[in-house]
Amino acid sequence: MNSVLLKALGQRSIKLQQTCLNWKESFEVAGAALVESNRTTAQYTTDMIQAFEDLGPYMVIAPGIALAHARPSSAVIETGLSLITLATPIEFGSASNDPVSLVIGLAAVDHDSHIDLMAALSELLMSNESVTFLTQAVNESEVRTYLS
Amino acid sequence: MGIGTSVLLKMNAEKVLEAMGVEAEVLAADITKAKRDGEGADIILTTPELVVLLEGMPGKIVPIEHVFDLTEIREKLSAALL
């Protein structure tokens, strides 16, 4: 399961203890990490931000966790993830799951071929221990070791 | 968007339904697709923020606050299935 996560997290897709002032900045970091790891173009970052502006904080799917994502489009080069943790948790406007400390950027080429990835992600994020580990981690190698 | 929340809710709803011994067809959809194709759904699982966008759909709208909380999903599905 976990090698699925590692494969989805390309080089430079993990940015820990980031200082962001608001949800939009955190989405910009999540989006930039997807671009840097060659999973998306910059348009995808714009799309994610637009989606949040259109639909609100529904992307804050569990306490402290936001899943930044947009529709599949030509802005997605390859299915992938970015993993961003915030040095200071941010209010996203979610009624029950604020403040956010972990932003997962998700890009998919279509609606179904990333099911295994979502299953692995679900297993990871279902564990309070894992989420705590990720939000407190300070370097990328410890995260990659943890995920393997 | 149809790739994130909907996929997670579908996966976890299927887990819960199987454990409950309930046979169901579960489809994942983004808000546009749900409104367009979801009229036949008995139950629509969604997040609290999207409930207002689904008003008027014939099925029961069931908001799930924590998509990884199988207990919450089970409790709310059980209630909706009564």
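Can you find a residue in segment B:51-71 that is surrounded by fewer than 13 Cβ atoms within 10 Å (Cβ to Cβ), more than 9 Å from chain A (Cβ to nearest Cβ) and of a type in the set (A, V, I, L, M, F, W, C)? It would help to see each step written out before you state the result.
Of the residues in segment B:51-71, the ones surrounded by fewer than 13 Cβ atoms within 10 Å (Cβ to Cβ) are B:52, B:55-56, B:58, B:71.
Going one step further and asking which of them are more than 9 Å from chain A (Cβ to nearest Cβ), we end up with B:52, B:55-56, B:58, B:71.
With the extra rule that they be of a type in the set (A, V, I, L, M, F, W, C), the set shrinks to B:52.
For segment B:51-71, residues surrounded by fewer than 13 Cβ atoms within 10 Å (Cβ to Cβ), more than 9 Å from chain A (Cβ to nearest Cβ) and of a type in the set (A, V, I, L, M, F, W, C): present.
Consider segment A:29-58 and keep the residues that are of a type in the set (D, E, K, R) and crowded, with 19+ Cβ neighbours inside 10 Å. The one that is farthest from B:Val51 (Cα to Cα) is A:Arg39. Only one entry of A:Val100, A:Val76 meets the criterion of being more than 16 Å from A:Leu5 (Cα to Cα), of a type in the set (A, V, I, L, M, F, W, C) and either touching a Cys at 6+ places or on another chain (Cβ under 7 Å) or more than 10 Å from chain B (Cβ to nearest Cβ) (or both), and that entry is A:Val100. What are the residues in segment A:103-115 that are modelled with pLDDT under 95 and either surrounded by 15 or more Cβ atoms within 10 Å (Cβ to Cβ) or under 15 Å from B:Lys15 (Cβ atoms) (or both), if any? Listed by number, the residues that qualify are A:His111, A:His114, A:Ile115.
Scanning segment A:1-20 for residues being of a type outside the set (Lys, Arg), free of Cβ contacts under 8 Å to residues at least 60 places away in the same chain and touching a strand residue (DSSP E or B) at 6+ places or on another chain (Cβ under 9 Å) gives a total of 0. Just wondering, is there one or more residues in segment B:38-49 that are in a helix (DSSP H, G or I) and within 11 Å of chain A (Cβ to nearest Cβ)? Within segment B:38-49, one or more residues are in a helix (DSSP H, G or I) and within 11 Å of chain A (Cβ to nearest Cβ). Within the option set B:Ala79, B:Ala13, being more than 9 Å from every other protein chain (Cβ to nearest Cβ), surrounded by fewer than 18 Cβ atoms within 10 Å (Cβ to Cβ) and over 20 Å from A:Asp98 (Cα atoms) holds for one residue only, B:Ala79. Checking each residue in segment A:5-27 for being buried (at least 18 other Cβ atoms within 10 Å of the Cβ) and part of a helix (DSSP H, G or I) picks out A:Leu5, A:Ala8, A:Trp23, A:Ser26, A:Phe27. Residue count for segment B:16-32, restricted to those that are loosely packed, with under 15 Cβ neighbours inside 10 Å and either assigned to a helix (DSSP H, G or I) or on the phi > 0 side of the Ramachandran plot (or both): 5.
Any residue at all in segment A:56-72 that is part of a helix (DSSP H, G or I) and among the hydrophobic types (A, V, I, L, M, F, W, C)? Scanning segment A:56-72 turns up at least one residue that is part of a helix (DSSP H, G or I) and among the hydrophobic types (A, V, I, L, M, F, W, C).
Output yes when any residue across segment A:60-71 is surrounded by fewer than 24 Cβ atoms within 10 Å (Cβ to Cβ), of a type outside the set (A, V, I, L, M), within 13 Å of chain B (Cβ to nearest Cβ) and on the phi < 0 side of the Ramachandran plot, and no when none is. Within segment A:60-71, one or more residues are surrounded by fewer than 24 Cβ atoms within 10 Å (Cβ to Cβ), of a type outside the set (A, V, I, L, M), within 13 Å of chain B (Cβ to nearest Cβ) and on the phi < 0 side of the Ramachandran plot. Sort through A:Val109, A:Val138 and tell me the only one that's of a type in the set (A, V, I, L, M), in a loop (DSSP other than H, G, I, E, B), free of Cβ contacts under 8 Å to residues at least 60 places away in the same chain and more than 9 Å from every other protein chain (Cβ to nearest Cβ). The conditions single out A:Val109.
The values are calculated or read from the model by the stated rules, or taken from the named source; none is laboratory data. Small disclaimer: the values here were computed from a predicted structure and weren't measured. All Cβ positions, glycine included, derive from the backbone under ideal geometry; neighbour counts span all protein chains shown.
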